[in-house]
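In what follows, a structure is listed as structure tokens, so that the remarks can point back to it.
The values are calculated or read from the model by the stated rules, or taken from the named source; none is laboratory data. The structure displayed is predicted, hence computed values, not measured ones. No Cβ is skipped: glycine too gets one built from the backbone with ideal geometry, and neighbour counts run over all protein chains shown. We work out accessible area using only protein heavy atoms, side chains counted, and drop any ligands, DNA or RNA first. Shrake-Rupley method; radii C 1.70, N 1.55, O 1.52, S 1.80 Å.
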Amino acid sequence: RSLVYQMIRDKKLVKVKTHKNYRFKITQRGINHIEKKFPQLKFQEKHWDGKWRILIFDIDEINRGTRDSLRIKLKYLGFGLLQKSVWISPYKVFPYLNKFIKENKLYKNVILLETSKLSLNNIEIIKIIWPIEAIEIKYNQIFRKMLFIKQKSGDEENKKQLALNFNSIYKSLTYLVLQDPHLPHELLPTKWPYKKTINLAKRLRTKFLVEFDNDRG
């Protein structure tokens, strides 16, 4: 609750009245905050330019805090660990790192590379770094569960239970989306289930929110 009120104060959320109830709606400032923190969510809609961005760092143990902060930053930006202290990303993320490197005076400790040629092919790189197969399985499992709820959504007697089940599944989907590296389409399996799962979740979420409002109104 305190986090919600803080986001309202920061104008990242607004409180909107619907019928006799209230909802919270994300503002453009909130969207900008998410895109800044998770830029790969925005990048995934663009075509891949075929280049890999590689960051190599060597930071002493005495600066362990800075080193850990850099790792957290790299994870937020969608980098994957290729080898010890070697991180890689298909996205144009170096501009997002420049400020961090400058503020922490890491120019002598960090090397940034951009290349389209590696000794490993793209499929091998993906398998080493990201659990794409496991993520694909989880997306498909969530999609099937939501599809079952959609097929049963006309059952008035079990409407509340269906809404509760969907809420639980939706939370699992939210967690999965944050674990997803959101790689370019060119690096994903042909029938990647992300979009169909998200679209179905949005439709069901809208449906259950409307019904919830009607019940309480």
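Data table
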{"item": "Sole exception among (1) of a type outside the set (S, T, N, Q); (2) open to solvent by 90 Å² or more (accessible area, probe 1.4 Å); (3) assigned to a helix (DSSP H, G or I) for Lys191, by number", "result": "(3)"}
{"item": "Criterion: open to solvent by 100 Å² or more (accessible area, probe 1.4 Å) and touching a Pro at 6+ places or on another chain (Cβ under 9 Å) - qualifying residue of Lys17, Lys46, Lys25, Lys36", "result": "Lys46"}
{"item": "Long-range neighbours under 7 Å by Cβ, at least six apart or interchain, first residue in contact (Cβ under 8 Å) with a residue 12 or more places away in the chain within the range 109-135, second assigned to a helix (DSSP H, G or I) and open to solvent by 50 Å² or more (accessible area, probe 1.4 Å)", "result": "Ile135/Gln179"}
{"item": "Unmet criterion (only one of (1) in contact with a Gly (Cβ under 9 Å, 6 or more places away or on another chain); (2) on the phi > 0 side of the Ramachandran plot) for Ile88", "result": "(2)"}
{"item": "Test: residue in the range 171-188 that is at pLDDT 95 or above, of a type in the set (S, T, N, Q) and open to solvent by less than 70 Å² (accessible area, probe 1.4 Å)", "result": "yes"}
{"item": "Some residue of the range 201-210 being in contact (Cβ under 8 Å) with a residue 60 or more places away in the chain, surrounded by fewer than 18 Cβ atoms within 10 Å (Cβ to Cβ) and not in a helix (DSSP H, G or I)", "result": "no"}
{"item": "Conditions (1) modelled with pLDDT of 85 or more; (2) of a type in the set (Lys, Arg); (3) in a helix (DSSP H, G or I); number of the one not met by Arg64", "result": "(1)"}
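Residues are listed down the side, and each one gets a yes or a no for (1) open to solvent by less than 100 Å² (accessible area, probe 1.4 Å); (2) part of a loop (DSSP other than H, G, I, E, B):
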site: Leu70; (1), (2): yes, no
site: Trp87; (1), (2): yes, no
site: Tyr91; (1), (2): yes, yes
site: Asn98; (1), (2): yes, no
site: Leu113; (1), (2): yes, no
site: Leu120; (1), (2): yes, yes
site: Ile123; (1), (2): no, no
site: Leu162; (1), (2): yes, no
